[in-house]
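J.: This is the structure, below, for whatever I ask next.
The values are calculated or read from the model by the stated rules, or taken from the named source; none is laboratory data. Since the structure is predicted, the reported quantities are computational estimates derived from the model, not experimental observations. Here the Cβ positions follow ideal geometry from the backbone for every residue, glycine too, while neighbour counts run over all protein chains shown. Areas reflect the complete protein model, heavy atoms only, side chains present, ligands, DNA and RNA absent. Shrake-Rupley method; radii C 1.70, N 1.55, O 1.52, S 1.80 Å.
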Amino acid sequence: LCHYLRTTYTMKVLLLSLLSVSLCHALVPFIDGGKGMPKMYDSYFNDQLAKQAATAIGKAVSAGKMNIQVEFPPVPNVEEVKFGTPLNQKFGKKIAPDLKMKYLPGSNLSRNLIAYSNVYWAKRFAGALKGGALGGKPVGVLSAEQVDFTDVKNMGDLSRSGKINTDKARKEGRNGEAIICINPGGEETWPRLVSAHGQPNCPFVVMNNSYSTSYDLGNKKGFEEAYYLKRISKGFVFRSFPGPWEAYLEKPDGTVELLESYKTKPKLREVAELVRETSFKRYAIGNDRWMSGRM
């Protein structure tokens, strides 16, 4: 009987140990978003993208990176946002309660979905800049987009808001404040924005610029590309600090495959050529996301 009880106890302990390991592995993606490129477009709705980016930002700040670039499509199907695809509408309805706004035909949120989506993302990343749940660093958000901050009734960890390059935004700056700067324009202006709105030794994040004046990946002004997801022809370029830059092929079924990792930032033309040529060799003209409805 004693032998039976010892054997039964040992088996229970073993099963509990295996279950604990399995649970830990299962929870990792929910804690930090997991490794590798986020799943398009599920990651917009299951918080994978938000957690990945916030984790990368926090790691960059902990590593002493104060000037940071964060770049990714702010909404799913960003190219079609003017037409309001079902995914656009689904995302608008997801973020509306978080911002305490209404997503209705003709509402500011539906008409300016990208602008208000960027405020939503700034909210999600503010915790990584303030110093975690117990951190006390104020975090301000400044935007150059068509957004009326009075519409947003829930700013979360964002302590203030304003418009880029306005006297009001400059005067309201606080000591020790981190800044998230939404769509500020060409990177040649970024150092001036840091001087105008940034605080010494505090994070300054440039987020989701709508265009690039370097015509390449990332920037050439020394801002750390902490989280970077860019769609290219037939695939994506992805980087999450402190990891490598990665080139992904998007397959005809919408899944992606990692083709190459780079220790240092590659040239856009190098990555684009690799992904495009691999797609053509495998699928010829049969890998077209527009024809297959994968926008």
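J.: Please go through region 55-105 and give me each residue that is surrounded by 14 or more Cβ atoms within 10 Å (Cβ to Cβ), of a type in the set (Gly, Ala, Ser) and within 25 Å of TRP190 (Cβ to Cβ), ordered by number.
T.: ALA56, GLY58, ALA60
J.: Restricting to region 250-275, and then to whatever is closer than 19 Å to VAL78 by Cα and not charged (D, E, K, R), can you tell me which residue is least open to solvent (accessible area, probe 1.4 Å)?
T.: GLY254
J.: If only one of PHE223, PHE204, PHE238 is in contact (Cβ under 8 Å) with a residue 60 or more places away in the chain and in contact with a Pro (Cβ under 9 Å, 6 or more places away or on another chain), which one is it?
T.: Result of the check over PHE223, PHE204, PHE238: PHE238.
Per-residue answers, yes or no, for (1) closer than 25 Å to GLY64 by Cβ; (2) of a type in the set (A, V, I, L, M):
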| residue | (1), (2) |
| --- | --- |
| GLU188 | yes, no |
| ALA226 | yes, yes |
| PHE280 | no, no |
| ALA284 | no, yes |
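J.: Out of the residues in region 94-114 that are part of a loop (DSSP other than H, G, I, E, B) and in contact (Cβ under 8 Å) with a residue 40 or more places away in the chain, state the one that is nearest to GLN146 (Cα to Cα).
T.: MET101
J.: Tell me, which residue of region 186-197 that is part of a helix (DSSP H, G or I) and small (Gly, Ala, Ser) is farthest from ARG111 (Cα to Cα)?
T.: So, considering only residues that are part of a helix (DSSP H, G or I) and small (Gly, Ala, Ser), the one farthest from ARG111 (Cα to Cα) is SER195.
J.: Criterion first (open to solvent by less than 10 Å² (accessible area, probe 1.4 Å) and over 22 Å from the mean Cα position of the chain (by Cα)) does ALA196 satisfy it?
T.: For ALA196, the condition - open to solvent by less than 10 Å² (accessible area, probe 1.4 Å) and over 22 Å from the mean Cα position of the chain (by Cα) - is not met.
J.: Count, please, the residues in region 202-215 that happen to be modelled with pLDDT of 95 or more and open to solvent by 20 Å² or more (accessible area, probe 1.4 Å).
T.: The number of residues fulfilling the criteria is 0.
J.: Can you tell me which residues in region 110-129 are surrounded by 22 or more Cβ atoms within 10 Å (Cβ to Cβ) and over 17 Å from the mean Cα position of the chain (by Cα)?
T.: Within region 110-129, no residue meets the criteria.
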